[in-house]
Structures are given as C-alpha cells and as structure tokens.
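A short write-up of the structure that comes next.
What follows is calculated from the coordinates using simple rules that are stated; it is not laboratory data. Quick caveat: nothing in here was measured; it's all calculated off a predicted structure. Here the Cβ positions follow ideal geometry from the backbone for every residue, glycine too, while neighbour counts run over all protein chains shown.
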Amino acid sequence: MSHRDSSSKEEEVMISCETWKQIVESVNLAGTQLSITSRRKLGSIFRHYFALYDLEGAYENLNNKSVSQIFQEYENTIPGKPLASGQVDGVSYDLYEQGDDVENH
C-alpha cells in the first residue's frame with residue numbers, strides 16, 4: 001500500500017459508535033481496515049486517551065471522527081520538544097515548559 005493509499009484510507013475509516021461502552025470495539029474494527037503503521041498509531045492514541053480520561057473520555061475524543069482527523073487533532077496536542085527527558089527507577093519522563101492553559105496552584 002502506498003503512502004497515498006494509506007492517507008486515503010485514514011480519511012475514509014471512521015470511529016463511530018452509539019455509546020462509550022462500544023468504543024473499544026469500534027477502534028478495533030477501524031484498526032482492521034488500516035495499515036499496520038496506522039493501526040499502531042491509532043492504538044497508541046487510544047491508549048493515551050484511555051489512560052488520561054478513561055473509556056468515556058476516549059469516546060468523547062475519538063467518536064464520530066475519521067482516523068485522519070484523530071491523527072491531526074492528536075498531533076496538535078503534542079507540546080513540542082521536551083526541555084529534559086530521562087528515566088528514574090525504570091520510569092521514563094519528558095519535562096515540558098508550562099503551557100498558558102495550566103493554572104498555578
């Protein structure tokens with residue numbers, strides 16, 4: 001499959017379900033229609049949203065969107081290059097500059 005075919009498929013494949021309880025099935029079904037690279041990327045994004053927001057939050061971020069739209073929205077949330085990266089006790093971390101939308105407590 002060429003890159004162009006892959007991009008076209010990402011625009012065609014939609015994540016769509018009626019409730020948050022169906023989001024895992026919908027993401028898995030969409031993945032079967034994608035290249036292995038796109039499938040892995042979608043899975044990674046799903047796991048990220050699940051870890052941050054649980055299944056309901058993943059549903060809110062992914063439902064009724066094309067895979068291409070999901071990729072684009074997700075890439076726009078990445079904060080850029082980290083100020084520092086490392087590993088402590090087997091846990092990897094990246095340190096980013098505080099964004100404007102973060103409140104100080």
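Couple of notes before you dig in:
- Each of Val91, Val24 was scored by other Cβ atoms within 10 Å of its Cβ. Listed from fewest to most, they are Val91, Val24.
- Taking the square roots of five times each eigenvalue of the Cα gyration tensor of segment 3-95, the equivalent ellipsoid has semi-axes of 25, 17, 12 Å, listed largest first.
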